[in-house]
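Inspection log for the structure reproduced underneath, given as structure tokens.
The values are calculated or read from the model by the stated rules, or taken from the named source; none is laboratory data. On a predicted model such as this, the values are computed, not experimentally measured, just so you know. We place every Cβ from the backbone using ideal geometry, glycine too, and count neighbours over all the protein chains shown. Keep in mind that these areas ignore ligands, DNA and RNA; they rest on the heavy atoms of the full protein, side chains included. Shrake-Rupley method; radii C 1.70, N 1.55, O 1.52, S 1.80 Å.
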Protein chains: 4
Amino acid sequence: MGLRYLDAGESHGKAVVVIVEGMPHGLVIGASRIEEELARRRLGYGRGGRMRLERDRVEILSGVRGGKTMGSPVAMLVENAEYERWREVMAVEGDIAVEPLTAIRPGHADLPGALKYATRDLRDVLERASARETVGRVCAGALAKALLEKLGMRILSHVLSVGGIWAETGGARSPEELEGADGDPLRCLDPRASGKMVKKIEEAEKNGDSLGGVFEVVAFGVPPGIGSHVHWDRRLDARLAAAVMGIQAVKGVEIGDGFRLAEMPGSRAVDVLEYTGDAGFVRASNHAGGIEGGMSNGEPIVLRAAMKPIPTMKKAVDSVDLVSKEKVKAAVERADICAVPAAAVIAESVVSLVIADALLEKTGGDSMLEIEERLEAMWRRIRDF
Amino acid sequence: MGLRYLDAGESHGKAVVVIVEGMPHGLVIGASRIEEELARRRLGYGRGGRMRLERDRVEILSGVRGGKTMGSPVAMLVENAEYERWREVMAVEGDIAVEPLTAIRPGHADLPGALKYATRDLRDVLERASARETVGRVCAGALAKALLEKLGMRILSHVLSVGGIWAETGGARSPEELEGADGDPLRCLDPRASGKMVKKIEEAEKNGDSLGGVFEVVAFGVPPGIGSHVHWDRRLDARLAAAVMGIQAVKGVEIGDGFRLAEMPGSRAVDVLEYTGDAGFVRASNHAGGIEGGMSNGEPIVLRAAMKPIPTMKKAVDSVDLVSKEKVKAAVERADICAVPAAAVIAESVVSLVIADALLEKTGGDSMLEIEERLEAMWRRIRDF
Amino acid sequence: MGLRYLDAGESHGKAVVVIVEGMPHGLVIGASRIEEELARRRLGYGRGGRMRLERDRVEILSGVRGGKTMGSPVAMLVENAEYERWREVMAVEGDIAVEPLTAIRPGHADLPGALKYATRDLRDVLERASARETVGRVCAGALAKALLEKLGMRILSHVLSVGGIWAETGGARSPEELEGADGDPLRCLDPRASGKMVKKIEEAEKNGDSLGGVFEVVAFGVPPGIGSHVHWDRRLDARLAAAVMGIQAVKGVEIGDGFRLAEMPGSRAVDVLEYTGDAGFVRASNHAGGIEGGMSNGEPIVLRAAMKPIPTMKKAVDSVDLVSKEKVKAAVERADICAVPAAAVIAESVVSLVIADALLEKTGGDSMLEIEERLEAMWRRIRDF
Amino acid sequence: MGLRYLDAGESHGKAVVVIVEGMPHGLVIGASRIEEELARRRLGYGRGGRMRLERDRVEILSGVRGGKTMGSPVAMLVENAEYERWREVMAVEGDIAVEPLTAIRPGHADLPGALKYATRDLRDVLERASARETVGRVCAGALAKALLEKLGMRILSHVLSVGGIWAETGGARSPEELEGADGDPLRCLDPRASGKMVKKIEEAEKNGDSLGGVFEVVAFGVPPGIGSHVHWDRRLDARLAAAVMGIQAVKGVEIGDGFRLAEMPGSRAVDVLEYTGDAGFVRASNHAGGIEGGMSNGEPIVLRAAMKPIPTMKKAVDSVDLVSKEKVKAAVERADICAVPAAAVIAESVVSLVIADALLEKTGGDSMLEIEERLEAMWRRIRDF
């Protein structure tokens, strides 16, 4: 059954809750480690007011004892500090005292969700479709990331482009190179590009507009042979693509050189293989982004994703009222202008969950003790192959 | 449990077999309909010798009676006409008389698979990792496609680029526009580009090289509200991304304008919504590619994927022997130079499977009778919303 | 993906949490409805001190707005009133100040769990293995039960035997007959037997012993054709068996006349079929317990389960210390003497979850509106068949 | 994703097909091993004509090379020798030349299936509901059993009762005791009881009646800690119950002393624990049937199931015509009088699949090499605990 999780919670509801089932026994974890990731989720220049207000505190409700996982499901709860102000709108019981929300926001779940549920109150849809929900995925991902780090792996990210401004970066070959990203206002490794991005965001803010961008997630230290070529739904690339495409506003995912590979001849696209006494099988390049045949190949796993600009903008968008069908303007006062740096952090989380799940399929095992032993044996066998 | 399937079979084994479980009762289907799709899988200029040799015949072994599905699992078998010639290499029982294969082909499953299984015979890996396996997915997809067509939907594809040559095409707004693709040597809608692609392929052939490209799949007629925003793994975009990224050699997937959306400001990226008496809610554009909030929104679902050039080329690639660790050349005599047109057909299959699965979640039901009634009521409710 | 849930929480931890994903939009539900079920879970003569102390309050944290489900995941939290007293033992963070628990209790998860996790503290296992966890399943089941009730179905239970004392009851043919069970100290419909059971329990209490028993769950109003014969894991009987056997201390499950059917000749075991103008297809008996070919057949679904006596008793059981390997006595001061009436309530919950899941496969749909319409059409078609 | 499989095929269709996905690399397997199990599925006094006619030959179509599994999905095909005679009735394509079948057989899937599919031809249902389908499960189970045997485990079965005649057997403590079962006409270990069962069957045959019974499956050598207590659907008992209840005609499942445990006081129901230098932790009895807290505990896993008498009998049963609603007699010329010995063999198969799946969760690993190493380490750790 692997590593599985369910998350729950509405944007202005009481709390976001997540249960992670399938974590082994004996992993060191605590609220502060998870809150670090939640804080990273608020990073980035161009965030709206809410991000500055939020200060997410996680409460671990189960599955952890004495600072270590017990093997039982880990439940985590992040209360919504704003709930009191929203109680009328989001009351769990009793009638809702406020009018239904009917001004459809294009580009969001609003209209398809309303048609799906045959509801005349868009709030029933948009509250859950909101990116607030990713708090749950980041909590879950923090567990997975802690697991991977304990096992010598690192999952990191950085921003490649915002609003068409591209960073000039060579492919990262070590975790250290990426660690600096958090220090930059846009989590970008190219300070010149970052400066331009800031300006672009300021301009967009002035225009009441929003901006998307492209980010990269890199997983270091993943042993070869994770995932599988034998059935499509076991492939690591397929699972990573689902997890990252499943993040709100992500519209594209690529592995390694991705779409650029489609333009190269095979002779240039291939990662030539060598064998050295020290490092074993090595590749001169990593066009494949660490995945061949649906499996990790020992190189860093590189994944890039495109985030569309958030469709909620101060600048009014032409739209329609769900009920009256009259023309309306879908405008919002407070919103992120650019959330690409945060999306990258969320992507780290879901990538960590996928890799941890696939890794646990390979190692099996119920305790960190067992898993560490087996991973060590795996590495030994690979080295001695 | 939805619509699920398992496929089996090695490239030079006896047969490819697939079992599709979860099809409703009463769908008209026959071998010829499936073989049409299998034939389309062999399309495209630049295919290797095998494609010209293959003439795939499918045998329906179960689940269909009197030309209609019974509701029970549908098993389909496609024998491998070449098996006799490969019997020594691929004997099911008894010892294998030939030497193990040890020259690693970079870019394939070979090395990670060998490390995964700790095997010293690459054939144990590459036989299953081969794209021959997609015969099974195309058979399964043919059922799903027949289901969707009966319910008024169409899943089509065309090639956008090969080796860096791009077709000039506006976004397709009707199935009719795409139907012509099969008539073109590269399944491309722009004849000028197609001509250049042919030349590019001839050039690559001369150089012993290979080419990738980008293709597009479009699903017409899908009702709004399929998929869901409530949990990441229910999202239609996430599921489509997994299915398409799960095809051999695909390294990137995007929905709608995908990576280009990351460069646009929100004000241009949004699909402005209108309401007309005749057509109900309509959008002036389809940047979102028919998916908002993880759900179909009633517009055509547009998905694009990047296929890397096949890493098996006549031109020898530097590589290593799995066992001796000596330098070798990974060369192959007979291979596709370009398989993008075929990959697009395979993608139609897996997209059909995902959409059919998500649609059946919405309609429920065990028989075409029941499903057709419910879909009609859904459309009526949407029109009268 | 159907109706799925994860529950979390340790016996003396902070809380039990459950997330139910896949509930449709528009079901009326509130905390009081769930708490009613939680209160029923504490019913029954012979419960230990804890049951009398507990007064479970549920907090709905998400997925419900204005008294109705939103379609998004429903998170429910039941705090553990006793946590403060257990904080030292069950601290989430920081070191555990108390000694590890090492006296193995036979009949519990203790020893296999310790070997599984390679842990030397049994508390890491037994805290989760405790039946306190069923609070989560009862909360989840309360949602499913509310759904089924809104759709005209009833899931009820009663106790058939305790410690070898058997109720004399004919098979229940109407929900009304079973509603009275909660009024009896043992949730038993035969007052004479109930009186004897009470005495048996008092006797056991005196001896420091414990008692098991057999209970029955009956589902009324389930339409025929739910579940499926086409694949084993779709069968309603298989799914019910898993759910009920998955309750702590349940060691046997039977459908209809179950093990007694194995002793009857076919001519007596079969439920003869008739057709009447009024009621359509009817059966003269219900030996099959409402399930034929893995599907509901329109008769009440009848399931019986055997609960072993709780292996924690005042009377000391011979056992071993996990670490020292010395002989110990596994004795406990406070424990239930008989929990059969409560197990029956828990079984109602998991049976409701299975039937709701299977029903939603048949109806599909995202809202109660849609589901009610479809169910009505299903009943109409069945009546007019 | 574990070990999963789909099987397909109708009773009088072309073939039964099964695909098993998730088998590790390097397991020795061949058609003869699988056919042995298929032959055992035909065992037992009291079988109908078909059993004597059938001589099932399996063809392995994929996933096995040189007598060993490749790690890729294993497809197996068992042709139906009788298909030619049934071609008119079961034609895959073209119209069905014979009249629809409308005489409902009570006790079978016929009526609920017809209502489910809204079909007026019962053949669309009963062809798949037939126990012929279990050929697929036995093929799949043969792989799982071979895996378990290679790892030192044994899964065996015997018949406990037929038509109310009970064998007198103590609980089996070694595989050797059970190996003899196949030699008995009823796969019963008590020759006196077996003799009486034969007579009982002869009597039933004379009366045109049928008989059910109870069988037992025992799994030896399963290490402790397989399955889990942390979530209901991970519990080994829940998974075993589903698998065995999912066999046609099984109406009850119990683990260990099962329903008898419900009558014992806790002091007698508990398996007292001891520690010996040689054998480590041992239990003086095995009332729990080798499962505590949803996990294997190192004792033999003992499971019993009740099979109802097959409802198809020469003696005509009162029934109704599906279409005309007139009274009919549901009679059949050729049928099994008693299939309990065969059901036990089928149960061995599904029990093997469940245990193999749960074991692979614990060991992880992609090759027999890796799994054997890890299992050895597990046993070592358990011994040295």
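Gain on full extension, evaluated as 0.36 nm per residue between C:K329 and C:R192 minus their Cα-Cα distance, stands at 45.6 nm.
Within the shell of other residues whose beta carbon sits under 9 angstrom from the beta carbon of C:D318, the net charge comes to +1, with Lys and Arg scored +1 and Asp and Glu -1. How big is the gap, in Å, between the Cα center of segment C:100-135 and the Cα center of segment C:146-197? About 33 Å separates the Cα centre of segment C:100-135 from the one of segment C:146-197. With label points defined 7 Å past Cα in the direction of Cβ, position C:R120 shows copy-to-copy spacings of 4.2, 6.8, 7.5 nm, given to one decimal and shortest first.
Express the accessible area of the protein assembly as shown per residue in Å², computed with a 1.4 Å probe while the remaining protein chains stay in the model. Walk me through the numbers on the way to the answer.
Details: 48180 Å² over 1540 residues.
Normalised by residue count, the accessible surface of the protein assembly as shown is 31 Å².
Span-like helix criteria (full DSSP H runs; alpha carbon extent of at least 18 Å along the helix axis; mean Kyte-Doolittle hydropathy of at least 1.0) are satisfied in chain B by B:340-363. Averaged over the residues of C:23-29, the number of partner chain Cβ atoms lying within 10 Å of the residue Cβ comes to 2. Only alpha carbons enter this Debye calculation for segment B:130-239, each as an equal point scatterer, and the log10 of I(q)/I(0) it gives at q = 0.14, 0.18 Å⁻¹ is -0.75, -1.07. Near the amide H of B:S228, within less than 5 Å, lie the amide hydrogens of B:R235, B:L236, all on another chain or at least 5 residues away, with H placed in the peptide plane. Within segment D:126-230, none of the chymotrypsin sites (Phe, Trp or Tyr not before Pro) combine a DSSP coil assignment with at most 16 other C-beta atoms in a 10 angstrom radius.
May I ask you to give the percent of accessible area on segment D:273-379 that is carbon plus sulfur, with a probe radius of 1.4 Å? Display every interim value, and only then the final one.
Details: 1640 of 3220 Å².
In segment D:273-379, the share of accessible area belonging to carbon and sulfur is 51 percent.
Largest first, the residues A:D278, D:D190 sort by 1.4 Å accessible area into A:D278, D:D190.
Estimated at the nearest 10 Å², the accessible area of C:D56 is 10 Å² with a 1.4 Å probe.
Using a 10 Å cut-off around each Cβ of peptide D:168-177, what is the average number of partner chain Cβ atoms that fall inside? Walk me through the numbers on the way to the answer.
Details: counts 0, 0, 0, 0, 0, 0, 0, 0, 0, 0.
That average works out to 0.
Find how many whole Å separate the alpha carbon centroid of segment A:200-255 from the alpha carbon centroid of segment C:8-45. Between the Cα centre of segment C:8-45 and that of segment A:200-255, the gap is 36 Å.
Find, among the GluC sites (Glu not before Pro) in segment B:278-385, those assigned to loop by DSSP (not H, G, I, E, B) with at most 15 other beta-carbon atoms within 10 angstrom. Could the numbers behind the result be given before it?
Details: sites: B:E292, B:E326, B:E333, B:E348, B:E361, B:E370, B:E372, B:E373, B:E376; in loops: B:E326, B:E333.
Of the GluC sites (Glu not before Pro), the ones in loops of segment B:278-385 whose Cβ has at most 15 other Cβ atoms within 10 Å are B:E326, B:E333.
Within the set C:K145/D:K308; C:K150/C:K308; B:K68/D:K315; B:K362/D:K116, which residue pairs have Cα atoms separated by over 23 Å? From the list (C:K145/D:K308; C:K150/C:K308; B:K68/D:K315; B:K362/D:K116), the Cα-Cα distance tops 23 Å for C:K145/D:K308; C:K150/C:K308; B:K68/D:K315. Considering the rotation that superimposes chain B on chain C, the residue of B whose beta-carbon lies nearest the axis, and that distance in Å, is B:G364, 1.
Tally Lys and Arg at +1 and Asp and Glu at -1 over the other residues with C-beta under 12 Å from the C-beta of B:N297: what net charge comes out? Provide the component values of the computation, followed by the final result.
Working: positive: A:K116, B:R283; negative: A:D110, B:D237, B:D271, B:E292, B:E299.
With Lys, Arg at +1 and Asp, Glu at -1, the net is -3.
With its label point defined 7 Å out from Cα along the Cα-to-Cβ axis, C:W166 lies at 1.2, 7.9, 8.0 nm from the matching points of the other copies, in increasing order. Each copy carries a label point for D:S32 at 7 Å from Cα toward Cβ; from one copy, the others' points are 4.6, 6.6, 7.3 nm away, ordered from shortest. How charged is the neighbourhood of A:L236? Take every other residue with its Cβ under 13 Å from the Cβ of A:L236, and add Lys/Arg as +1 and Asp/Glu as -1. Charge balance near A:L236 sits at 0.
Excluding ligands, DNA and RNA and using a 1.4 Å probe, chains D and C jointly bury around 7900 Å² of accessible surface, summed across both partners.
Ranking C:A269, C:M90, C:G227 by how far each Cα lies toward the positive end of the dipole of chain C (charges on Cβ) leaves C:M90 at the top.
Give the Rg/Rh ratio for chain D, taking Rg as the radius of gyration of the Cα atoms and Rh as the Kirkwood radius, to two decimals.
0.99
The contact residues of segment C:346-363, meaning those that lose at least 20 Å² of 1.4 Å-probe accessible area when all protein chains sit together rather than their chain alone, are C:E361, C:K362.
Which whole-number percent is the relative contact order of chain A (Cα, under 8 Å, 6+ apart)? Intermediate values should be presented prior to the final figure.
Values: 786 pairs, mean separation 86.1, N = 385.
It rounds to 22 percent for chain A.
For the protein assembly as shown, just say rounded, prolate or oblate: build the C-alpha gyration tensor, square-root its eigenvalues into a ≥ b ≥ c, call rounded for a/c under 1.5, and beyond that prolate if a/b exceeds b/c, oblate if not.
Numbers: a/c = 1.40, a/b = 1.26, b/c = 1.11.
Taking the square roots of the gyration eigenvalues as a ≥ b ≥ c, the protein assembly as shown is rounded.
Multiplying the residue separation of D:R380 and D:A91 by 0.36 nm and removing their Cα-Cα distance gives an extension gain of 98.4 nm. Taking label points 7 Å from Cα along the Cα-to-Cβ direction, A:E205 and D:K150 give a separation of 6.3 nm.
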